[in-house]
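The values are calculated or read from the model by the stated rules, or taken from the named source; none is laboratory data. Source: prediction; values computed, not measured. So basically every Cβ, Gly included, is an ideal-geometry build from the backbone, and we count neighbours across all protein chains shown.
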Amino acid sequence: MTEESRGFLERERFRELFDRLVLRGYQTLAPVVRDGTIVYEEVSGPEDLPRGLRDLQTPGSYRLEAGESGRFFSWANGPQALKPLLFAPREILWETRRESDGALSFSSSSPSPRPLAVIGIRACDLSALALSDRHFGKGPFPDPGYALRRRDLFLVAVDCSHPADTCFCVSTGDGPEAQSGFDLALGELDSGFLVRSGSEKGRELLRELSLPPPESSMEEALKRQADQARSSQTRRLPSRNLRNALASRPDHPHWNNLAARCLSCGNCTSVCPTCFCFSEREEPALDGHSSLHLREWDSCFTAGHSYIHPGPLRGETRFRYRQWLTHKLDYWHDQYGRSGCVGCGRCLSWCPVGIDFTEDLPLLLGEPDGH
Amino acid sequence: MDTDPHFPRAAIIRDRIQEAPTVFTLRLEPEGDTSVPFRFTPGQFNMVGVMGLGEVPLSIVSDPSDLDFFDHTVRIVGRVTGAMARMGPGDRVSIRGPFGNGWPMDATRGRDIVLVSGGLGCAPLVSVVNYVVRRREDFGALTVLHGVKNPRDLFWKERFSRLNGIGGTRVFLTSDTGGSGWEGAVGPVTNLIENISVTKKTTAKICGPEPMMIATVRKLLDQGLAEEDLWVSLERNMQCAAGFCGHCQLGEMFVCRSGPVFRYSEIKNRLGIRGL
Ligand SMILES: Cc1cc2nc3c(=O)[nH]c(=O)nc-3n(C[C@H](O)[C@H](O)[C@H](O)COP(=O)(O)OP(=O)(O)OC[C@H]3O[C@@H](n4cnc5c(N)ncnc54)[C@H](O)[C@@H]3O)c2cc1C
Ligand code: SF4
Ligand code: SF4
Ligand code: FES
C-alpha cells in the first residue's frame, strides 16, 4: 500500500490536472452529455465538461436537468462507465485465412490501445472494476484484450456527493466515497477539489501539481457531504451476502411475478458494470478466403445464451430472470468472493418496465404466501 | 491447461469414418508448431471450428497415448456439425483445447467400471471404453450399459458386440421402443442396472440427457453405490471454453473449467432443476 498524499486543487486550476495527463501521454476521457445521458469521451479540458448537471433517476427513467451549482460532478452516473472501455462490446479475436493449398493460418489482431486516463469514475465503478479484474484476469491465460487495455489505465475517481434515487451503494458497501483502486480521488467542493492519491502513479502526479495542503474546514465539509450522500440513499439490499438464499428458492412463486413484467430485453445486463457474458461468431469475407472470429457482449436474457440442441435450456423469461439475479447476488460469492452487485442502480433506471429488484428481494426471500 | 485457450491452431483431417447415417468420426492431426504436443485425458474436449461458420465443443474419443492424431465422433445436429460432415481427408479445421477436466482415470485404476450412457450416443464415454479396453489389466470389471431411443439410433453395433466378453467386459443394450431385429432389451437404460452388482470397488460414469442421468444415479444409489463413486458429464452452451464467456454456467460453476465431468456429490444440488 502506497502512502496517501493530499492536496487542495482550486477550481481555477482544474485544467492543470488534464494538462498533466496529456503530458504523460494519456488520452483523457471525462463525462460529457450525449443524447440526454452522461458518457465518457475524449476531452481536452474542464471546459468540455457539463457543470451543475443533476441526474433524475427512478426505476424505468433517466433524465438530466440543469442545476444552479457550478459543480462538475453533482450527478451520480450514466448508463456506462469503465466496462466498455476495457471489455470491448465487439472485439476481433483472430482472423483465419485459407491459403491456396487449403492450409489455414491465424493471426491475432491485438488492439494497441493508447494509455487511457478516465476522470470522474465513481466508487461503484471501482468496485465493479475490481470484480472484472478477478473475472477477466484469472488463471494462467487471462483475457488478452482486457489485460492489454487494463494495463495502462489512469483512474481519477470522484466521491459521490449527489447519489441518484436509484443508488444503493451504501448497502452493498461500495460507496459513496471511493475506497481503493484509483490513482487519484477527488472530493468536490464549491471552491475546488480535495485530491488524494491511491497509487504511486497518482502520488507522482500529485507531486507535480504541487498543491497546498487542504484546510481542516474543507475536510470537515467533505465529511458532512459524504454523510449526507449516505443518508440520502433509501434503497437497500436485504443483506450483503445472499449466498444460497436465492439458489435455494428456484421454485419461489415470486419469480413468476417478475417474469410477468420482464421483457427479456437484456438492458439490465448491458448497463450492469459487472455483467461479463459474451458470445463468439464468425464473420466470413465475401471472397471465402478469410474470416474474422469475433466476440460481442451477450446477455443471459437471450435464447441463444443457453441454447443446446434442440432448444434453449432457459426457454422462459422466468428462468432467465432467475439466472440473472441468482448469479448476480448469490453465485458470485462462490465465484469471486462477494456479491456481483455494486449498488450502482443502473439496471433499475434503464429497465424499460422499471423493475426494481430491491423491492422484489424481500418477497423472493419471504414465505411464498407471505405479504 | 498448457496451451493458449484464446487462440486456435490448424488441424488436418487424415481420415473420416461414417459410423451411422448421421454420425461420423474425424481423425485429426495438428499442424503448424508441433513443439507443444497435444496431450489430453479422456473426457476432455476441443473447440473445433469450421472457417466462416464457428466452433463447437467436441469430446476427444481417441486414446491419449496416440500422440500423432486425435479423433472426434460427431453427430450432425445443425450448422457447424452439418458442415463438418461434408469435410474429408485433406480439409482443415481449427482447434482450441484441450479443455475441461476429464474423467478420473488414474483415480479409478483398479476399480470395477460401470459406464451408463443414454440418448443420442455419448461421445464422452467412448473415450473411457477405449481407454479401459487398452489397459485391461489396470482395471477391474468393465460393464457398459447403453440405451437408445430407437434401434436405428444405435451405432457401433459391431464394436459393441466385439467388445462383449473380451477380458470380462459386458455390454448391455436397450432401446426405448424396440422393433424388429432388435436383440437388446426394451425399456429405459435404468432397467439395465439390474445386470450389475454394486460393490465397494464399483465406480460409475454416466453421460446422457439430465433426466436419464438423474434416474440412473437414483437407482445406483439405491443399490448402495456411494455418491463419491458416481461421476457425470454435462453439456452446456460453450463459446470460450475457458471460463470467461459465461454461457456454460450451472449455478456457481463454469462447466467448461470445473467440468464437464463432475463428481455427483459436488453437483447434486444443481441437477434436476428446470431452466437452471
Ligand atoms: C463438453 C461437450 C462435449 C461435446 N462432445 C460432443 C461430441 O463428442 N460429439 C458430438 O457430436 N457432440 C458433442 N457435443 C455437442 C455438440 O457440441 C453440439 O452438437 C454442437 O455444438 C452443435 O452444433 P451445430 O452448429 O451443428 O448445431 P446448431 O443446432 O446449429 O447449434 C447452434 C449453436 O448452438 C450451440 N450448441 C448447440 N447444441 C449444443 C450442445 N449440445 N452443446 C453445446 N453447444 C451446443 C453451438 O454453439 C452451436 O454452434 C458436446 C458438447 C459439449 C458441451
Ligand atoms: S445489478 Fe444493477 S445495481 Fe447491481 S451492479 Fe449491476 S446494474 Fe448496478
Ligand atoms: S432491463 Fe428489465 S425488462 Fe429488460 S431484461 Fe432486464 S429486468 Fe427484464
Ligand atoms: S464456455 Fe465460456 S465460460 Fe465456459
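Laid out as a table, the results:
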read-out: Selected residue [assigned to a strand (DSSP E or B) and modelled with pLDDT of 90 or more] from B:G140, B:G147; value: B:G147
read-out: Check on A:G137, in contact with a Phe, Trp or Tyr (Cβ under 8 Å, 6 or more places away or on another chain), away from chain B (no Cβ under 14 Å) and free of Cβ contacts under 8 Å to residues at least 60 places away in the same chain; value: no
read-out: Residue tally, condition away from ligand 2 (no atom under 13 Å from the Cβ) and either more than 8 Å from chain B (Cβ to nearest Cβ) or within 12 Å of A:G266 (Cα to Cα) (or both), over region A:305-332; value: 5
read-out: Among the residues listed as B:G102, B:G110, B:G78, the single one being farther than 30 Å from B:E183 by Cα and within 14 Å of another protein chain (Cβ to nearest Cβ); value: B:G78
read-out: Residue that is nearest to the chain's Cα centre (by Cα) [pool: residues in region A:293-324 that are buried (at least 21 other Cβ atoms within 10 Å of the Cβ) and part of a helix (DSSP H, G or I)]; value: A:W324
read-out: Region B:47-102, residues that are in a helix (DSSP H, G or I) and in contact with a strand residue (DSSP E or B) (Cβ under 8 Å, 6 or more places away or on another chain); value: B:R79, B:V80, B:T81, B:A83, B:M84, B:A85
read-out: Per-region count, region B:6-29, residues farther than 25 Å from B:V77 by Cα and out of contact with any helix residue (DSSP H, G or I) (no Cβ under 6 Å at 6 or more places or on another chain); value: 1
read-out: Residue count, region B:250-273 (criterion: touching a Phe, Trp or Tyr at 6+ places or on another chain (Cβ under 8 Å) and at the interface with chain A (Cβ under 7 Å from one of its Cβ atoms)); value: 2
read-out: Residues being without any contact (Cβ under 8 Å) to a residue 60 or more places away in the chain and more than 9 Å from ligand 1 (Cβ to nearest atom) - total across region B:25-45; value: 10
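Results for (1) of a type outside the set (G, A, S); (2) under 20 Å from B:Q239 (Cα atoms); (3) more than 16 Å from the chain's Cα centre (by Cα); (4) in a loop (DSSP other than H, G, I, E, B), shown as yes or no for each residue.
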position: B:D4; (1), (2), (3), (4): yes, yes, yes, yes
position: B:I13; (1), (2), (3), (4): yes, no, yes, no
position: B:Q18; (1), (2), (3), (4): yes, no, yes, no
position: B:R39; (1), (2), (3), (4): yes, no, yes, yes
